[in-house]
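The structure appears below as structure tokens.
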Amino acid sequence: MQGGRKSSSVDKAFELIQTVSDTGRAGITLGQLADRAGVAVSTAHRYVTSLLELGVLDRDAAGSYHLGVTLVALAGQYLEEDGLRAAARPYLAELVELSGETVHLGIHVGDQIVYIDKVESAKSVRLVSRIGSGVPLHCTAMGKAVLALLDARRGEELLAGPLDRRTARTLTGSALLAELDVVRDQGFAIDDEENEEGVRCVGLPIMNASGQPVAAFSVSAPANRFSIDDCHRLAPSALAMAAEISRRIGYVAARNGASPTHRPWRPGAEAGPP
């Protein structure tokens, strides 16, 4: 480190945070965290106590540690400053005009999509959602749009544990894997009442300069006025908007349309070329 002394305490805190992040949705116990970080349990406990108080880490009912809401807020602030919201806003507004329905913008954090912007429909019956709240990856249009394009290690990690069946239509197991193949091929995802009964959405990924799916946007509406056919009719315009937003935050598409930095993840695929 140039221009000052390196803080071993800061280094260790970030090492613990990274270790928790690497465990994904499964979380990690205090003993496992201490073992992986190579410190005494008492030392890990001291760091973890501070990180819990700051909201950087969270602890579930079983005593396992996960990333906390403070990191979500910081990620949202960073991406806002990085121009994502500014780049996306005109297209979100245009999409509301085009569809007549509510449009959300979200970022990928852990095993969730966290809302960072929203443009409301003018219709009297609208969806209830809150900026800063999170929704699962596996059963939402934005989440599936991102999940389908993650690298192999991260994608497998996020699907390794049991997935909540939010409604009778929630896809899991082989049905979800087949759905993600469809999402990769067509470039957009549909949530057909999989996260919330009576709500249908179409979502598209947003790529950053490194070719990673860091965010997504979606059109959401009551299912009785937003059909699967409506989703497909809207998709070409939304795909063009997703490409333009991605370009505005630095993404450069490869000539074949694939990410320039990694192959799209296909569950069970071999490491070599297809």
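The values are calculated or read from the model by the stated rules, or taken from the named source; none is laboratory data. Please read all numbers here as calculations on a predicted model, not as lab measurements. Positions of Cβ are backbone-derived with ideal geometry, glycine not excepted, and every protein chain shown enters the neighbour counts.
General observations
- Yes/no for V135 being β-branched (V, I, T), surrounded by 17 or more Cβ atoms within 10 Å (Cβ to Cβ) and either out of contact with any helix residue (DSSP H, G or I) (no Cβ under 8 Å at 6 or more places or on another chain) or without any contact (Cβ under 8 Å) to a residue 24 or more places away in the chain (or both): no
- Test: residue in the stretch 86-104 that is within 17 Å of the chain's Cα centre (by Cα), at negative phi and not in a helix (DSSP H, G or I): yes
- Residue count for the stretch 89-134, restricted to those that are in contact with an Asp or Glu (Cβ under 7 Å, 6 or more places away or on another chain), modelled with pLDDT of 85 or more and closer than 19 Å to N224 by Cβ: 2.
- Of all residues making up the stretch 180-201, the number that are touching a strand residue (DSSP E or B) at 6+ places or on another chain (Cβ under 8 Å) and not basic (K, R): 12
- Restricted to the stretch 138-212, the set of helices (runs of 4 or more DSSP H) holding at least 1 residues that are free of Cβ contacts under 8 Å to residues at least 12 places away in the same chain comprises 152-158, 173-186.
- Residue check: G110 meets all listed conditions (1) in contact with a Ser or Thr (Cβ under 7 Å, 6 or more places away or on another chain); (2) surrounded by fewer than 21 Cβ atoms within 10 Å (Cβ to Cβ) but one, namely (1).
- Check on A175, in contact with a helix residue (DSSP H, G or I) (Cβ under 9 Å, 6 or more places away or on another chain) and in the same structural domain as Y91 (by TED's automatic domain parsing): no
- Residues in the stretch 5-61 that are β-branched (V, I, T) and either out of contact with any Gly (no Cβ under 7 Å at 6 or more places or on another chain) or more than 27 Å from Q112 (Cβ to Cβ) (or both): V10, I17, T19, V20, T23, I28, V39, V41, T43, V48, T49.
- Listed by first and then second residue, the pairs linking a residue in the stretch 226-244 that is over 16 Å from P90 (Cβ atoms) to a residue that is assigned to a helix (DSSP H, G or I), with Cβ atoms under 6 Å apart and 6 or more places separating them unless they lie on different chains, are L234/S99.
- Considered as a group, the residues in the stretch 37-82 that are part of a helix (DSSP H, G or I), modelled with pLDDT under 90 and of a type outside the set (A, V, I, L, M) include one that is surrounded by the most Cβ atoms within 10 Å (Cβ to Cβ), and that residue is G76.
- Boolean, R200 is among the basic types (K, R), assigned by TED's automatic domain parsing to the domain that holds R130 and crowded, with 20+ Cβ neighbours inside 10 Å: yes
- Flag for P222 being more than 30 Å from A26 (Cα to Cα), modelled with pLDDT under 90 and not β-branched (V, I, T): no
- Cβ pairs under 9 Å, 6+ apart, first in the stretch 88-106 and farther than 18 Å from R200 by Cα and touching a residue at least 40 places away in the same chain (Cβ under 8 Å), second part of a strand (DSSP E or B) and of a type in the set (F, W, Y): A88/F217; Y91/F217
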